[in-house]
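Visitor: The structure is given below, and queries will be raised subsequently.
No value in this document is a laboratory result; all are computed from the given coordinates. These numbers come from a predicted model, not from an experiment. All Cβ positions, even for glycine, are placed from backbone atoms using ideal geometry, and neighbour counts span all protein chains on display.
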Amino acid sequence: MLTAQEISEAKTRIRYGNREVLHEHDDCIRIAYEWLDAQTKIKGLMRQTLPIKHIIEKWGGRYVSQSDVEVAAELHPDVRGTYPHFNIGSRLILPSDARLVNIPEAKTQDYKMTERQIAHTYGSRRE
């Protein structure tokens, strides 16, 4: 699991620009990291623009900011690119909920995915 120190250091490496930066909890970054980790990595960057933060929120059951996703991508050794165009395949994979077991803040808010949303976002691609 990502340590508080690793997360803190990664936050300082992100170029946020002039937009508002929001990090509610380090677990939000851990949730985003686990979701990114489950995705297929590709050579190029995703051309399609997807609402990645919203997809992660629904899977993780908690609010996740764009800044959280950017820090998670910075921490992941195999992920490159900038939000929302990372080197992940556009055929998204539904990560296993087992990835969230050791993240206390996961599934603590009312973010849920219906079966219809799962089918639309992930198809039959599950980890």
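Visitor: Using a Förster distance of 25 Å, how high is the FRET efficiency between R47 and I14, based on the Cβ-Cβ distance and rounded to 0.05?
Guide: That pair, R47 with I14, gives E of 0.65.
Visitor: Please give the FRET efficiency for H23 paired with A119, using the beta carbon to beta carbon distance and R0 = 35 Å, rounded to the nearest 0.05.
Guide: With a Förster radius of 35 Å, E is 0.65.
Visitor: For a quick check, take a GNM of the chain with Cα springs below 10 Å and name the residue from D68, D26, D78 with the largest mean-square fluctuation.
Guide: Top of the fluctuation ranking is D78.
Visitor: Report, in debye and to the nearest 20, how large the dipole of the chain comes out about its Cα centre when Lys and Arg carry +1 and Asp and Glu carry -1 on their Cβ.
Guide: In debye, rounded to 20, the chain gives about 640.
Visitor: When only Cα pairs under 8 Å and 6 or more residues apart are kept, what is the percent relative contact order across the range 1-77?
Guide: Reported as a whole number, the value is 48 percent.
Visitor: Let me ask another. Starting from the amide H of K107, placed 1.01 Å from N in the peptide plane, find each other amide H under 5 Å away whose residue is 5 or more places distant or on another chain.
Guide: For K107, the qualifying residues are G61, R62.
Visitor: Checking the a/c ratio against 1.5 first, then a/b against b/c, what shape does the Cα gyration tensor give for the range 1-76?
Guide: rounded
Visitor: Suppose R0 equals 35 Å; then what is the FRET efficiency for H85 and Q109 from their Cβ-Cβ distance, rounded to the nearest 0.05?
Guide: My answer for the efficiency is 0.85.
Visitor: By its C-alpha gyration tensor, with a ≥ b ≥ c as the square roots of the eigenvalues, how is the chain shaped: rounded for a/c under 1.5, else prolate for a/b larger than b/c, else oblate?
Guide: It comes out oblate by the Cα gyration axes.
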